[in-house]
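Single-structure report; data block below.
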Amino acid sequence: MPEIKVGLAQGKVSFFDPKTNTYITLDNPVQKIKFDDNTDLSGICHALFSQRPALVLYEGKLPQAAIDAWKAKYDLKGLQMAKQRADEIQAKSADVVTQNINKAEEVKMEAMAIENEKEVETIEQDDEKETEEVETAEKDDEKEENKQEEKKTSRKRKSKAADEE
């Protein structure tokens, strides 16, 4: 059965993970956690990879599935934070799985593409509004000209009628 060795991070006085029933205190700051394919290591992963880690990995290797599940949950919320923590942990322990930088770049590119699409849509909508405003102004000008013409025609009729009397 595989196991990892973890300990309290600097500044932490205790840690408890109910999923693995792991309780670490200053009296016993380093523990070995045995796991199998069915063990839920999400709490341990979060304690290791979060921005302010509660645990430090001393020995062993976390299953790739547990790391991927944690990354999937937190990648979009704190991509930089997760990437930074995983890089730090890997530098300290050769057993930690390396970061998938290509995936991070793809997520960034997708986010940029979505942003660009939104900007294009906004520009197109602004252009449509501007075109509508110009058309409305032209129609209003036409109506005003027609009213002026009607007034002139009406005056001419009244003037002719007055001349005929």
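Summary of computed values
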read-out: Overall form of the range 3-92 per C-alpha gyration tensor (a/c, 1.5; a/b vs b/c); value: oblate
read-out: Phi-based couplings in Hz for the range 154-162 (Karplus 6.51, -1.76, 1.60; Gly and Pro marked x); value: 5, 5, 4, 4, 5, 5, 5, 5, 6
read-out: THR22, THR122, ranked by accessible area, largest first (probe 1.4 Å); value: THR122, THR22
read-out: From phi via Karplus (6.51, -1.76, 1.60), per-residue ³J(HN,Hα) for the range 42-47 in Hz, x at Gly/Pro; value: 4, x, 5, 4, 5, 5
read-out: Loop trypsin sites (Lys or Arg not before Pro), the range 120-165 (other Cβ atoms within 10 Å of the site Cβ: 12 or fewer; DSSP); value: none
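The values are calculated or read from the model by the stated rules, or taken from the named source; none is laboratory data. Note that the coordinates shown come from a computational prediction; the quantities given were computed from them, not determined experimentally. Glycine gets a Cβ as well: all are built from the backbone with ideal geometry, and neighbour counts include every protein chain shown. Keep in mind that these areas ignore ligands, DNA and RNA; they rest on the heavy atoms of the full protein, side chains included. Shrake-Rupley method; radii C 1.70, N 1.55, O 1.52, S 1.80 Å.
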